[in-house]
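Okay, structure first, notes after.
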Amino acid sequence: MADLRSDTVTHPTEAMYEALRAAPLGDDVFGDDPTVNALEEEAAALLGKEAAIFTPTGTMANSIAIAVSTRPGDEMILMEDSHIFLYEAGGSARLWGVHARPLPAASGVLTPEAVRAVIRADDPHHPRTRLVCLENTHNMQGGRVVPTEAIEAVAEVCRSEGLHLHLDGARLFHAAVALGVPPAEVARPVDTVSACFSKGLSCPAGSILAGSASAITEARRVRKVLGGGMRQVGILAAPARVALQRGIDRLREDHLRCSRLAEGLRPLAGATLNPDPPQSNILFVRFEGLDGAGHESLVEKLGERGVRALTAGHRGIRLVTHRQIADGDVERTIEAFHALRAE
Ligand SMILES: *Cc1c(COP(=O)(O)O)cnc(C)c1O
């Protein structure tokens with residue numbers, strides 16, 4: 001099977017298995033796991049922040065970022081098609097009492113004007129605006145890469161208005177590779193940043209939240225609240241260290257394969273690609289005349305031909321390239337689409 005459902009389906013590399021076998025371990029809740037400590041230091045340096053904390057998931061890293069920058073009743077501004085708004089089970093409201101102000105963001109990022117326009121006046125009728133969240137790469141806009149200047153423009157508003165800026169960087173390393181800049185440059189304008197080791201980097205689990213030393217100190221308490229304090233978790237930190245050392249440059253290959261996939265699908269009758277051309281490792285393809293059920297049925301038939309994909313509502317079908325998608329899988333996927341659309 002060519003599994004293009006997500007870049008989370010990858011298995012650890014041999015080097016990761018070797019590293020986790022050899023990793024020195026300790027109880028990380030006591031701060032005693034040398035492998036976790038090394039990972040947190042390396043990740044903080046790579047992201048250009050003072051400190052970092054390892055978390056089981058990206059969702060938890062984002063949730064902690066919201067908790068450390070708000071009080072109950074505060075408002076956060078974010079994109080209506082962001083992961084935090086759509087796919088984190090309403091955690092900000094359920095856990096932290098934080099009110100969400102979702103805005104459209106056609107170019108994958110909020111504009112400084114859009115943010116400024118909804119910042120609340122100091123008035124007892126209003127919640128306090130405290131936090132802005134951005135995302136890079138932008139998952140539901142097909143892995144769109146947001147230029148650092150666009151994030152910097154929002155950061156300027158946040159600084160002048162005293163707002164915290166968080167970047168959901170689940171695929172931040174993809175953005176860095178696509179922009180041709182170090183990860184720290186992608187994260188430079190923001191106060192806190194999350195990134196996933198389990199997205200494209202082949203780790204079985206694990207994410208990181210980086211920010212100021214004081215934010216990360218508080219994050220340790222919040223992680224405990226969420227039940228995210230783990231013990232000999234060097235077992236997971238060891239593969240993550242391998243991912244940071246060896247996995248980032250390789251993402252370029254996934255981007256090239258995604259471009260090749262787009263090239264093969266573009267000529268299909270009625271096909272609209274988004275984005276076109278792809279900017280990283282995610283591609284949506286939608287067919288004119290097919291509704292949700294039509295796309296669903298196409299995905300089912302792809303499955304019979306050894307290609308797994310996901311439907312994505314009005315966005316059509318989502319295809320994601322990753323370490324376990326080789327050139328041959330891309331060609332097979334293109335052939336399957338052509339065969340099915342000719343039926
Ligand atoms: C996957 C993802 C997350 C959450 O990561 P999990 O590890 O699955 O909790 C957050 N943000 C974006 C943009 C993602 O794609």
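The values are calculated or read from the model by the stated rules, or taken from the named source; none is laboratory data. Being a predicted model, the structure only gives us computed values, none of them experimental. Glycine gets a Cβ as well: all are built from the backbone with ideal geometry, and neighbour counts include every protein chain shown.
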Residue that is farthest from Phe337 (Cα to Cα), among those in the stretch 1-37 that are surrounded by fewer than 17 Cβ atoms within 10 Å (Cβ to Cβ) and among the small types (Gly, Ala, Ser): Gly31
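Determine which member of the set Arg305, Arg318, Arg231 is of a type in the set (Lys, Arg), closer than 26 Å to Gly91 by Cβ and touching a Leu at 6+ places or on another chain (Cβ under 8 Å).
Result: Arg318 is the single residue among Arg305, Arg318, Arg231 that is of a type in the set (Lys, Arg), closer than 26 Å to Gly91 by Cβ and touching a Leu at 6+ places or on another chain (Cβ under 8 Å).
Yes or no, residue by residue, for (1) within 24 Å of the chain's Cα centre (by Cα); (2) crowded, with 19+ Cβ neighbours inside 10 Å; (3) modelled with pLDDT of 95 or more; (4) not polar (S, T, N, Q):
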residue	(1), (2), (3), (4)
Leu298	no, yes, yes, yes
Glu304	no, no, yes, yes
Val307	yes, yes, yes, yes
Gly313	yes, no, no, yes
Arg318	yes, yes, yes, yes
Thr321	yes, yes, yes, no
Ala326	yes, no, yes, yes
Glu331	no, no, yes, yes
Ile334	no, yes, yes, yes
Only one of Leu103, Leu110, Leu131, Leu179 that is closer than 30 Å to Arg286 by Cβ, modelled with pLDDT of 95 or more, of a type in the set (A, V, I, L, M) and within 16 Å of the ligand (Cβ to nearest atom): Leu110
Odd one out for Thr57 among (1) within 16 Å of the ligand (Cβ to nearest atom); (2) surrounded by 21 or more Cβ atoms within 10 Å (Cβ to Cβ): (2)
Residue selected from the stretch 182-212 under the condition surrounded by fewer than 24 Cβ atoms within 10 Å (Cβ to Cβ) and hydrophobic (A, V, I, L, M, F, W, C), by the criterion nearest to the ligand (Cβ to nearest atom): Ala205
